[in-house]
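Participant: The structure is given below, and queries will be raised subsequently.
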Amino acid sequence: MENDRRSYRQTASPGRRVIGYQPRPHSSTIEERALHHTTIWGMLTWLGTQYTALAQGRQMVQERHPGSTCHRFLGAVAPQKFRSPQRERLLRQSRQLLHLIVEWEGLFSQRFFPRFAARSGFS
């Protein structure tokens, strides 16, 4: 999402190199499973639906660090990355959450996912 020109397919296979699984130690079989470009889409869609996690996370960051500007990050997305207003909203919210997570992990001892969101019942 940070590279306006990179597609989901290019993200899943940077430089035409497949991102796959590392074979198990001492295994004689070759691991052929690889990251599919639709996985990127699915992950961003899921992140974009985490409204409660985003709102609660922002509130907790603001309480810990009142000078934080995490609530001001718009998460703008290049127009060629979406075809509908709904998809734009999901991608924007995904970027906002990813931006928040970086700040969160600098302020709190626990990682944002899975502990914060899972223990708080966010879905």
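Participant: In vacuum, with every alpha carbon of the range 47-95 counted as one equal point scatterer, what does the Debye formula give for log10 I(q)/I(0) at q = 0.16, 0.28 Å⁻¹? Two decimals, please.
Facilitator: For the range 47-95, the Cα-only Debye profile gives -0.50, -1.02.
Participant: Which ³J(HN,Hα) values, rounded to whole Hz and listed in residue order, are derived for the range 47-53 from phi using the Karplus coefficients 6.51, -1.76 and 1.60 in 6.51 cos²θ - 1.76 cosθ + 1.60 with θ = phi - 60°, glycine and proline given as x?
Facilitator: Taking θ as phi minus 60°, the curve returns 4, x, 9, 8, 4, 5, 4 Hz for the range 47-53.
All of the numbers you see were taken from the coordinates with simple rules; none came from a lab. Just so we're clear, the structure is a prediction, and the values are computed from it rather than from any experiment.
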